[in-house]
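The values are calculated or read from the model by the stated rules, or taken from the named source; none is laboratory data. Quantities reported herein were computed from a predicted structural model and do not represent experimental measurements. Glycine gets a Cβ as well: all are built from the backbone with ideal geometry, and neighbour counts include every protein chain shown. Each accessible area value is taken on the protein alone, full model and side chains, heavy atoms only, with ligands, DNA and RNA left out. Shrake-Rupley method; radii C 1.70, N 1.55, O 1.52, S 1.80 Å.
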Amino acid sequence: MYEFIVNMPKAELHLHLEGSINSTTLIKLAKRNNSEFPYQTTEEIENALANRPPGLQGFLDHHYERVLVLQKQLDFFETTYELVKTCKVNNIKYLELFFDPQFHTARGISFDDIIMGIDEGRKKGFLDFGVEVNLIMCINRERTISSGFEMLEQAKPHKDKIIGLGLDSYEENNPPHKYTDVYAQAKKEGYRLTAHCDVDMKNSTRNIWECLEILDVERIDHGINSIEDPKLVQELVRRKICLTTCPIKRPCDPQPQDIDRIREMVNLGLCVTLNTDDPPEFETGYLSNLLYLVQQASHYSKNDMVQFMRNAFDGSWLQMDAKNKYIEALLEYAESHGVN
Ligand SMILES: [Zn+2]
C-alpha cells in the first residue's frame, strides 16, 4: 500500500507556501536576513511546534512567527523552488498553492517582489521537476476590507500569474460576508474563488453557507462541519463543490484528525480531497505520508485512495483538457496495479 500511494500520480489543492518552510531553511533565512526569529536551532523549532497551544489561534500565532523569515524576492523564489522539488518526491503532478500577500506587504515587502519570487520559483521548478503549479492569493480575514481591495489592485499587473482568490487566517469574528465586495470584484476580474471554513469554528456551517450564497465560491477549504447540516450537504453535492480537507496530525494526536468525519463526508456523496495544509508544521508532513497515515487509520482500499486523488484533479482549476490528461494517467496507473 505504501508504495502504491507514493507512486500514485497526485494533485494537491490546499497547501500554503508560507506553511511549507522546513526548519533548516527557517534557520538559514533568519541568519541571512538578520531577522528577529526567536529560535536558534532546528531542535528549538521542533520543540516550539510540539508545545503550541491547541486550536487555530495557537497554530497561527506560531505560524506567523516563522513566516517573518521571508523578506526578499530571493527568499520567495527559494522556498517555492524547494517546495516544488519536494512535490516531485511525493509524485505530485499538479499543485494549487496558496500565498498570503498582505502579511508581507504589511511588513514593507512589495507585492511585486513576492509574486516575482514565487513565479520564478514555480517556473524553474516546472522545468527541473515537471510539477505544474497554479497560485491562489489569500485574503487574511482579520485585516480590513480596504486592505483586501488594495491587494487586488496590487495583483492587477500580475493577473496572468494568479489563478484564484482565497480567504484564510483568524476565522473567529471574521465571517465570510465581511469580504462580499472584494469577492464580487475578484470575480469580475476573472479570478476563481475559494475560502477557508476551518474546522469546529463558532459558526462553521453558517460560514460555509455564506461562502456559497454570498461569496459564490467554487470550493471550500476544510468545510468538515458541513456534515452537521443535511441541507448544506445537499447544496454542496448539487453544486459539485469540492472540499479540501486536511487530516493533519500533531505530535499529541493519536492519528490524523477527522478520520471519521471525512469518511462520513465521502459516504454522503461530497467531493472530498486530502491535503497537507502546512506540511512541516504538522507530523503528517507531505502528501505521500499524509495519505498513507489516513489510509492506515481508515482502512481505505486502493480504489478509495485513487478516488480521493481523482477528486483532487476534478476539483482543480485546470483547463478541461489538462484535467482529463492527468486523470487518464491516474486511471492508467490504477489499472496497472489491478485497481479499476
Ligand atoms: Zn489552510
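Going through the stretch 247-290 one residue at a time, which ones are hydroxyl-bearing (Ser, Thr, Tyr) and within 25 Å of GLU43 (Cβ to Cβ)? Residues satisfying the conditions are THR276, THR284, TYR286. The condition (being farther than 15 Å from ASP277 by Cα and buried (at least 20 other Cβ atoms within 10 Å of the Cβ)) is satisfied by just one residue among ILE21, ILE27, ILE118: ILE118.
Scan the stretch 281-340 for residues that are over 23 Å from ILE262 (Cα atoms) and not in a helix (DSSP H, G or I) and the total you get is 4. Annotation note: of LYS156, LYS161, the sole residue that is open to solvent by 60 Å² or more (accessible area, probe 1.4 Å) and either in contact (Cβ under 8 Å) with a residue 40 or more places away in the chain or more than 15 Å from the ligand (Cβ to nearest atom) (or both) is LYS156. Here PHE37 meets each of (1) at pLDDT below 95; (2) open to solvent by 70 Å² or more (accessible area, probe 1.4 Å) with one exception, condition (2).
None of GLU228, GLU235, GLU172 is among the acidic types (Asp, Glu), open to solvent by 10 Å² or more (accessible area, probe 1.4 Å), within 16 Å of the ligand (Cβ to nearest atom) and more than 17 Å from the chain's Cα centre (by Cα) except GLU172.
If the condition is being in contact with a strand residue (DSSP E or B) (Cβ under 9 Å, 6 or more places away or on another chain), within 24 Å of GLU120 (Cα to Cα) and assigned to a helix (DSSP H, G or I), then the stretch 138-157 contributes MET151, LEU152, ALA155.
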